[in-house]
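Comments concern the structure below.
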Amino acid sequence: MKLLWLLVVLLGAAPVPRKKVRVVSPPLVPFQVQTREAAPPIPIELAPPETWPAELGAPLTSDECARLALNYQGNVTIAAHQIEQQKGVTQVARAPYFPNVSTSTTYLHTLVNDRLSGSNQVSATVTPANNTIGSSLTGTNNTSSIDSTNNASGGIIGSGGVSVSNPVTVSASLRQMIWDFDRTRFQVAQSKELEAAAAANYTQVQYDTVFNVKNSYYNWVQAERLLAVYRGNMEAQRQHLAEAEARFRQGIALPSDVTQAQTNVSSAVLNVTAADVNVTIARTTLANQMGLDPRIPLRPSLESHEKTPAVADSQQLFDLALEKRPELAFAESAIRANVFAIEAARRGNAPTISANIQYVAFGDRFYPNQTTLNFLLTLSWNPFDGGLTAGRVKQAEETLSISRVQLETYRNQVIMEVSQAFANLRGAEQRVMTSELQVASAQATLDIAAARYRAGLGTFLELVDAQQAALQSGINRVTAQLGLEQMRATMNHALGVPLVETRAPL
């Protein structure tokens, strides 16, 4: 009985075979890719001015832009006028060396009533220019008036005669400073040194203008070359899009290849638009640095290169910069000017000896009939001036101390700028060589990736990566090449050597 129950249990636990259900999948629908290619960028064009200099029609090199800036930049003209202004100060300081001539003419018409009874008196003065009559009275309860016939009348007790005097005086004087204990000589010497300082400042303004123009010029050329690189990348991305669409229609490419190519074309168009904006900004900045209308359609010469002095080692660079830099010449002139200023200040209250000749002619008619001739020798001295001279001496001495500190500061700054320019120049040269190798390698990689994709051996992502690497290598090469030109211009500026023929002052 137990065996029977065990058999029943085992039969109940056995699996029951189920009927198979057939699952029918829906038919595959081909993936449709909508072609959406970005529109080409719109060029940026500014309305040009009505007229501009004829020499701006041809492509410009950096030296040509610098020469034009020296002619049109307002800062250069201002610095030239400052030299002429200081020459005027020198002329003023030198004036005591020359005679001082002055003349004067006086006509006086006086009416006097000298016969009045009592204590009442009348006096009046007539100014011929406007016949204005002024009168004064003394006494009480009396009035007076003077009519246009120059007679006195009114409520005055008694009568009397009127005396009239019409003196005319003509004078001329000549004054010549003989000796002022060299105060004028030191003032003139100080002003001459300030002229030299103004000339050094003029040179500095020229160098700074040329340097700024060349930096702006190479920024402009770099923007133009980068625009060409981005346009080349845009055309390459459009070609990749056409290849991806063709392969997709043949059924041997993924839909993601097409959409990725469309995205890359849009990014390339955005890059071209941004690069075109940068070109416009760089061109207008350069025109403004040159002192020209920013709307002038300038054109760059893409074959413009900078030259640097041929030197053996860095020590020669330092020696050349310390000899040529205009800031050092300016500081040295300022020191000499302050030395002369101290000497002039010490003689601020020194005696001054001068000679005077006076000629005076006078009479009671319109033409004087009496003359005098006076000869004077004058000694002027102010021994007690309340500390004015001592204060001016102290002020000049402290200014001299400041000038000496500034000279040392300029020397250290020049050495620092030359050191940094030397290091940056060597680094820029290395970057140019490296970027050339990078471009060659990236282009070879791009060619291989394109061939593999066309043969069906490579993926579109591999082609995209190779194209991006080629774009970046092209950007790096342009940046390195133009960076080298800028570093050469920076080295020339740090050395203080003329970048171009500078314009002479006015």
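The values are calculated or read from the model by the stated rules, or taken from the named source; none is laboratory data. Please read all numbers here as calculations on a predicted model, not as lab measurements. Here the Cβ positions follow ideal geometry from the backbone for every residue, glycine too, while neighbour counts run over all protein chains shown.
Got at least one residue in region 314-322 being without any contact (Cβ under 8 Å) to a residue 60 or more places away in the chain, over 25 Å from Asn71 (Cα atoms) and either crowded, with 19+ Cβ neighbours inside 10 Å or not acidic (Asp, Glu) (or both)?
Yes, there is a match, as at least one residue in region 314-322 is without any contact (Cβ under 8 Å) to a residue 60 or more places away in the chain, over 25 Å from Asn71 (Cα atoms) and either crowded, with 19+ Cβ neighbours inside 10 Å or not acidic (Asp, Glu) (or both).
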Given the residues Ala355, Ala361, Ala334, which is the only one that is surrounded by fewer than 18 Cβ atoms within 10 Å (Cβ to Cβ), in contact with a Ser or Thr (Cβ under 7 Å, 6 or more places away or on another chain) and not basic (Lys, Arg)? Ala361
Which members of region 286-300 meet the condition of being assigned to a helix (DSSP H, G or I) and surrounded by fewer than 18 Cβ atoms within 10 Å (Cβ to Cβ)? Asn288
Filter region 394-418 for residues that are over 25 Å from the mean Cα position of the chain (by Cα), surrounded by 13 or more Cβ atoms within 10 Å (Cβ to Cβ) and of a type in the set (Gly, Ala, Ser) and give the result. Ala396
Quick one: is Ala246 buried (at least 18 other Cβ atoms within 10 Å of the Cβ) and in the same structural domain as Ser473 (by TED's automatic domain parsing)? no
Is there a residue in region 230-252 that is modelled with pLDDT of 90 or more, touching a Gly at 6+ places or on another chain (Cβ under 8 Å) and either among the aromatic types (Phe, Trp, Tyr) or part of a helix (DSSP H, G or I) (or both)? yes
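Residue by residue, here is whether (1) without any contact (Cβ under 8 Å) to a residue 12 or more places away in the chain; (2) under 40 Å from the mean Cα position of the chain (by Cα) holds:
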position	(1), (2)
Gln438	no, yes
Ala444	yes, no
Gly456	no, no
Leu463	no, no
Ala470	no, yes
Ser473	no, yes
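So for region 219-233 (the condition being within 18 Å of Ala450 (Cα to Cα), crowded, with 16+ Cβ neighbours inside 10 Å and assigned by TED's automatic domain parsing to the domain that holds Ile342), does at least one residue qualify?
Scanning region 219-233 turns up at least one residue that is within 18 Å of Ala450 (Cα to Cα), crowded, with 16+ Cβ neighbours inside 10 Å and assigned by TED's automatic domain parsing to the domain that holds Ile342.
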Tally the residues that are free of Cβ contacts under 8 Å to residues at least 12 places away in the same chain and polar (S, T, N, Q), restricting the search to region 371-412. 3
Between Ala93, Ala47, Ala58, Ala79, which is under 25 Å from Asn288 (Cβ atoms), surrounded by 11 or more Cβ atoms within 10 Å (Cβ to Cβ) and at pLDDT 75 or above? Ala79
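For the condition part of a helix (DSSP H, G or I) and exposed (fewer than 14 other Cβ atoms within 10 Å of the Cβ), what is the one hit in Gln443, Gln438, Gln430?
Within the list Gln443, Gln438, Gln430, the selection yields Gln430.
Condition test on Ala423, is it of a type in the set (A, V, I, L, M, F, W, C), part of a helix (DSSP H, G or I) and either at pLDDT 95 or above or more than 30 Å from Gln486 (Cα to Cα) (or both)? Talk me through it step by step, then tell me what you get.
Numbers: of a type in the set (A, V, I, L, M, F, W, C): yes; part of a helix (DSSP H, G or I): yes; either at pLDDT 95 or above or more than 30 Å from Gln486 (Cα to Cα) (or both): no.
No, not satisfied.
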